[in-house]
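Just dropping this structure here.
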Amino acid sequence: MSQPFSSPHPFAPFLDRLADAASGAIMPHFRQGFDIDNKWETGFDPVTVADRNGETAMRALINSTYPDHGILGEEHGPENLDAEHVWVLDPIDGTRAFITGLPTWGTLIGLTSAGKPSLGMMIQPYIGERFGGDGSMAWYRGPLGTQPIKSRSCARLEDATIFTTTPALFNDTERKAFDRVEEQVRLSRYGTDCYAYCMVAGGHGDAVIESGLQAYDIVALVPIIEGAGGVVTTWTGGSPADGGQILASGDPRLHEVLLKELSRV
């Protein structure tokens, strides 16, 4: 597939090739019978053959096309992380949704250049949607056609719709901060995983508040949000590239309000 809107990023056309490879490896398993492994000895962090096969397919394509690039993947670990360009992969963000048949999971394909997120795509192959961004522009392709996307204006908490995958992400202190925000906003939605960030980029919601994220959970989403006009930082305003406590907002004015709220003890 050709890259829409002529993104100037030199590796933008490669996103769709990686998306095709991941989709081909993952979709034969969705809503089919498969074994589920647990990564944790205590608790539950599921992984499936679809996760592993999706990442394997993307890694093979990267290694054959750009052998000098690095790779950081959730399932198969780091490779050549000292490279200028490092692909950051999460084959199924939202494995819990995947194993329960819900189409709110997505494949995250991110690229850091000199350590900064520079390119990203989230794909949902069951629905047939792709959200991409390069930090300067963002786009959508799917059942609604192909079009640029922009985040919406929302400066006040009382007008905002916020997302989090689950409040269980938060420790006690974080939960108090989130609850304080949630009490003030118009609407909050749970269970969204990576989809929430794309909804903010597309102007359907206003912010995502999460914690405990890894680099592969967020790097691909940063250029999409930023390309749509939004902001992504940690709760203290730092770089989101390594994960942690993440705040993504569609309107920079709302972002500043939320940073102040989340920093209150």
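Just so you know, all these numbers are worked out from the coordinates, no wet-lab data involved. Remember, it's a predicted structure, so these values are computed and weren't measured experimentally. Neighbour counts run over all protein chains shown; Cβ positions are idealised from the backbone, glycine included.
Which of these, GLY238, GLY135, GLY227, has the largest mean-square fluctuation under a Gaussian network model of the chain (Cα springs below 10 Å)?
Between GLY238, GLY135, GLY227, it is GLY238 that shows the largest mean-square fluctuation.
Within region 109-192, list the GluC sites (Glu not before Pro) lying in a DSSP loop whose Cβ has at most 15 other Cβ atoms in a 10 Å radius.
Passing sites in region 109-192 are GLU183.
Would you mind pulling out the separation of the Cα centroids of region 236-265 and region 142-167, in Å?
Spelled out, the Cα-based centre of one part sits 16 Å from the other.
Any chance you could give the angle, 0 to 90 degrees and rounded to 10, that helix 49-65 forms with the longest Cα principal axis of the chain?
Value to nearest ten degrees: 70.
In region 50-113, which chymotrypsin sites (Phe, Trp or Tyr not before Pro) are in a loop and have at most 16 other Cβ atoms within 10 Å, using DSSP for the loop call?
none
Additional query: Which GluC sites (Glu not before Pro) from region 74-116 combine a DSSP loop assignment with at most 13 other Cβ atoms within 10 Å?
Answer in residue order: GLU84.
Amide H to amide H under 5 Å from THR165: which residues, 5+ apart in sequence or cross-chain, H placed 1.01 Å off N in plane?
For THR165, whose amide H was placed from the backbone, the distant partners under 5 Å are GLY191, THR192, ASP193.
So who's got an amide H within less than 5 Å of the one on SER118, skipping anything under 5 residues away but keeping other chains? H placed 1.01 Å off N, in plane.
Those lying under 5 Å, H to H, from SER118 are LEU111, THR112, SER113.
Follow-up question, since we're still on this one. Who wins for biggest fluctuation among LEU221, LEU111, LEU102 in a Gaussian network model of the chain, springs between alpha carbons below 10 Å?
Result for the chain, Cα springs under 10 Å: LEU102 fluctuates most.
In deg cm²/dmol and to the nearest 500, what is the mean residue ellipticity at 222 nm of the chain if only DSSP H runs of at least 4 residues count, each as -39500 (n - 2.57), divided by the residue total?
Computed mean residue ellipticity for the chain: -8500 deg cm²/dmol.
Explain nothing, just the number: relative contact order of the chain, from Cα pairs under 8 Å at least 6 residues apart, as a whole percent.
Averaging sequence separation for qualifying contacts and normalising by length gives 16 percent for the chain.
Going by amide H atoms built from the backbone, whose H comes under 5 Å of the H on SER188, apart from near neighbours?
ILE162
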